[in-house]
Amino acid sequence: MRAGSAYTPTHPLGLPVGAGWVETAETSTVRFPYDGSTVAAAPLGGKQEARDALDAAVAVRAAADGRFRL
């Protein structure tokens, strides 16, 4: 990426959870440490998004081997 060019994400906005993407209500500004310029707005998840992601991961693991339990 050249200096001064803007980053355009090639993925959906939000957080990857399970087989899809979950939109979030909040974001956090990511800044370039050299000059403090804004690089991107990163999605912030909460407890529910974390639980949903964990549940999806456990379901995939359980389907794969049937032995994993949380």
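GLY45 meets the stated requirement of being surrounded by 11 or more Cβ atoms within 10 Å (Cβ to Cβ), modelled with pLDDT of 90 or more and under 17 Å from the mean Cα position of the chain (by Cα).
For the stretch 10-42, a residue qualifies if it is among the hydroxyl-bearing types (Ser, Thr, Tyr) and either open to solvent by less than 100 Å² (accessible area, probe 1.4 Å) or modelled with pLDDT of 90 or more (or both), and the qualifying residues are THR24, THR27, SER28, THR29, TYR34, SER37, THR38. Right, ARG61: of a type outside the set (Val, Ile, Thr), surrounded by 10 or more Cβ atoms within 10 Å (Cβ to Cβ), modelled with pLDDT under 85 and outside any loop (DSSP other than H, G, I, E, B) or not? Spelling it out, ARG61 is indeed of a type outside the set (Val, Ile, Thr), surrounded by 10 or more Cβ atoms within 10 Å (Cβ to Cβ), modelled with pLDDT under 85 and outside any loop (DSSP other than H, G, I, E, B).
The values are calculated or read from the model by the stated rules, or taken from the named source; none is laboratory data. No experiment lies behind these values; they were computed from the predicted model shown. Neighbour counts run over all protein chains shown; Cβ positions are idealised from the backbone, glycine included. Just so you know, the surface numbers come from the protein's heavy atoms only, side chains and all, with ligands and any DNA or RNA stripped out. Shrake-Rupley method; radii C 1.70, N 1.55, O 1.52, S 1.80 Å.
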